[in-house]
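Enquirer: My structure is below; once you've seen it, I'll send some questions.
The values are calculated or read from the model by the stated rules, or taken from the named source; none is laboratory data. Bear in mind that the values here come from a model prediction, so they are computed numbers and not experimental data. Positions of Cβ are generated from backbone atoms using ideal geometry, with glycine treated the same way; all protein chains shown enter the neighbour counts. Protein only, heavy atoms only, side chains kept; ligands, DNA and RNA dropped before computing areas. Shrake-Rupley method; radii C 1.70, N 1.55, O 1.52, S 1.80 Å.
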Amino acid sequence: EYHQAEAEAIHKAIVRNGRPIVLSLSPKHLIKEVANIKANSNLSRISDDFWDSWKQLKSQFDHCAEWMGVGAPGYWPDADMLQFGKVSKRGPVLQERYSRFTEDEQLTHMTLWCMFRSPLMMGGNMPENTEFVKQLLTNKDVLEIDQHSINSRQLYRKDELVVWVSQMPETGDWNIAFFNLNDDAKEVSLNFADLGIKGSWKVKNIWTQQAMGTAKNSFKQEVKPHGTLLFRLSRK
């Protein structure tokens, strides 16, 4: 439930205070209240608590699709904490452990959050990050997508194959994320006509920084189960 009067009161107090304070709300996924939520906060949750569960990560694709296009400077829908690394250090309930996500699932997790342009907040114990997690958190091109891309949207979802796209404002380059939510490897494809473009484009794998050659009019790749591939298309 969204407590509108409370949100408005806190927002008013922040304005009167005059200090630069960010207000984050957790009204779960109340898309119907988005106008008031945007008017009174800087970010708000789009789901219940998100943990390192593949079932929850699949559900987050639904929530992100529901909220796409809502975010803009001043207010961003929040897909919740990044569940990487040492996510439980100690406590009365949870045992000390690292994230249950596989490396492919962690790549999917980070890629979706950045394509959706969610705020990025690390939920694990940073000093115990593995090299893999450090790479997830420090890829400059991936972070650039989260911070600066435009027109981010889910292009399609069919048979648990998902494609998200966005553009970089200064160059017009396209960011293309292929997701495979199935339990076995699948081929994911993109027709350039669906983006309103044609001709030949240079392709780069953003996570590996590997040049993939040139694609003309369409592009397809096999994606691991629960995995993702993230590409940048640049004019040849």
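Enquirer: Express in Å², to the nearest 10, the accessible area of LYS32 obtained by rolling a 1.4 Å probe over the protein heavy atoms while all chains stay in place.
Expert: So the heavy atoms of LYS32 present about 150 Å² to solvent.
Enquirer: Give, in nm to one decimal, the length gained when the segment between ILE150 and ALA39 is fully stretched (0.36 nm per residue of separation minus the Cα-Cα distance).
Expert: Residue separation times 0.36 nm, minus the Cα-Cα distance, leaves 37.8 nm.
Enquirer: I've got another one for you. Distance in nm between label sites at ASP183 and GLU160, each 7 Å beyond Cα in the beta-carbon direction?
Expert: If labels sit at ASP183 and GLU160, their model points lie 0.7 nm apart.
Enquirer: Of PHE132, THR228, GLY71, which is farthest along the charge dipole of the chain in the positive direction, counting Lys and Arg as +1 and Asp and Glu as -1 at C-beta?
Expert: Looking along the dipole axis, the top candidate is GLY71.
Enquirer: Follow-up. Treating only the Cβ atoms of Lys and Arg (+1) and Asp and Glu (-1) as charged, compute the dipole magnitude of the stretch 93-139 about its Cα centre; round to the nearest 20 debye.
Expert: On the way: 4 positive and 6 negative charges, 39 e Å.
Once rounded to the nearest 20, the dipole reads 180 debye.
Enquirer: Here's another thing I want to ask about it. Rank TRP54, TRP113 by accessible area, highest first, at a 1.4 Å probe radius?
Expert: Working: TRP54 45, TRP113 0 Å².
The ranking, largest first, comes out as TRP54, TRP113.
Enquirer: Please calculate the 1.4 Å probe accessible area of ARG117, with all protein chains present, and give it to the nearest 10 Å².
Expert: Counting only protein heavy atoms, ARG117 exposes about 40 Å² to solvent.
Enquirer: Using C-alpha positions alone, give me the convex hull volume of the stretch 1-115 per residue in cubic angstrom. Before the final figure, lay out each step's value.
Expert: Working: hull volume 15.9 nm³, N = 115.
Taking only Cα atoms, the stretch 1-115 has a hull volume of 138 Å³ per residue.
Enquirer: If only Cα atoms are counted, what is the Rg of the stretch 34-172, and what is its Dmax, in Å?
Expert: My reading of the Cα-based Rg and Dmax gives 15.4, 51 Å.
Enquirer: Quick one: accessible area per residue over the chain, 1.4 Å probe, rounded to a whole number of Å²? Kindly include the intermediate steps, with their values, before the conclusion.
Expert: Values: 12340 Å² over 236 residues.
For the chain, the solvent-accessible area averages 52 Å² per residue.
Enquirer: While we're on this one: Given the options TRP201, GLN95, TRP113, identify the residue whose Cα lies farthest towards the positive end of the charge dipole of the chain (+1 on Cβ of Lys, Arg; -1 on Cβ of Asp, Glu).
Expert: Result: TRP201, furthest along the dipole toward the positive end.
Enquirer: Let me ask something else. Rounded to the nearest 0.05, what FRET efficiency do MET122 and SER200 have when you use their Cβ-Cβ distance and R0 = 30 Å? Can you show the working numbers first?
Expert: Numbers: r = 39 Å, r/R0 = 1.30.
After rounding, the FRET efficiency stands at 0.15.
Enquirer: Once phi is turned into ³J(HN,Hα) by the Karplus curve 6.51 cos²θ - 1.76 cosθ + 1.60 with θ = phi - 60°, what whole-Hz value does each residue of the stretch 115-132 show in order, with x for glycine and proline?
Expert: So the Karplus estimates, Gly and Pro as x, are 5, 6, 6, 6, x, 10, 10, 7, x, x, 7, 4, x, 9, 4, 7, 4, 4 Hz.
Enquirer: Taking amide H atoms as placed 1.01 Å from N in the peptide plane, list the residues 5 or more away in sequence, or in a different chain, whose amide H sits under 5 Å from that of ASP78.
Expert: Amide H to amide H, under 5 Å and 5 or more residues apart or across chains, ASP78 pairs with SER44, ARG45, ILE46.
Enquirer: Rounded to whole Hz and in sequence order, give me ³J(HN,Hα) for the stretch 62-74 from the Karplus expression 6.51 cos²θ - 1.76 cosθ + 1.60, θ = phi - 60°, writing x for Gly and Pro.
Expert: Once rounded to whole Hz, the list reads 5, 5, 5, 5, 5, 9, 5, x, 7, x, 6, x, x.
Enquirer: What do you get for Rg/Rh over the stretch 141-225 if you use C-alpha atoms and the Kirkwood form of Rh? Working shown, then result.
Expert: Details: Rg = 12.8 Å, Rh = 13.6 Å.
With Rh from the inverse mean 1/r over Cα pairs, Rg/Rh is 0.94.
Enquirer: While we're here: Just to make sure I understand: if all protein chains stay in place, what is the order of SER200, SER24 by accessible area at 1.4 Å, largest first? Don't skip to the answer; put the middle values down first.
Expert: Details: SER200 35, SER24 65 Å².
From most accessible down to least: SER24, SER200.
Enquirer: Need one number: nm distance between label points at GLU103 and GLN210, each 7 Å from Cα along Cα→Cβ, rounded to one decimal.
Expert: 1.2
Enquirer: Please calculate the 1.4 Å probe accessible area of TRP51, with all protein chains present, and give it to the nearest 10 Å².
Expert: About 100 Å², rounded to the nearest 10.
Enquirer: Quantify, in whole percent, the carbon and sulfur part of the accessible surface of the stretch 105-236 (1.4 Å probe; protein heavy atoms only). Intermediate values should be presented prior to the final figure.
Expert: Working: 2910 of 6280 Å².
About 46 percent, which is the carbon plus sulfur part of the accessible surface.
Enquirer: Run the dipole for the chain about the Cα centre, Lys and Arg Cβ at +1, Asp and Glu Cβ at -1, nothing else charged, and hand back the magnitude in debye, nearest 20.
Expert: Values: 30 positive and 29 negative charges, 133 e Å.
Here the size comes out at about 640 debye.
Enquirer: Relative to the compact-globule scaling 2.2 N^0.38 Å, provide the ratio for the alpha-carbon radius of gyration of the stretch 18-72. Mind showing how you got there, number by number?
Expert: Details: Rg = 12.5 Å, N = 55, 2.2 N^0.38 = 10.1 Å.
The stretch 18-72 yields a ratio of 1.24.
Enquirer: Output ³J(HN,Hα) for the stretch 165-182: one whole-Hz value per residue in order, computed from phi by the Karplus curve 6.51 cos²θ - 1.76 cosθ + 1.60 with θ = phi - 60°, and x for Gly and Pro.
Expert: Computed from phi, the couplings for the stretch 165-182 are 9, 7, 10, 8, x, 7, 9, x, 4, 9, 9, 10, 10, 9, 10, 10, 8, 7 Hz.
Enquirer: Right, here's the next one. Could you grab the relative contact order for the chain? Cα pairs under 8 Å, six or more apart, rounded to a whole percent.
Expert: Values: 446 pairs, mean separation 32.3, N = 236.
In percent, rounded to a whole number, it is 14.
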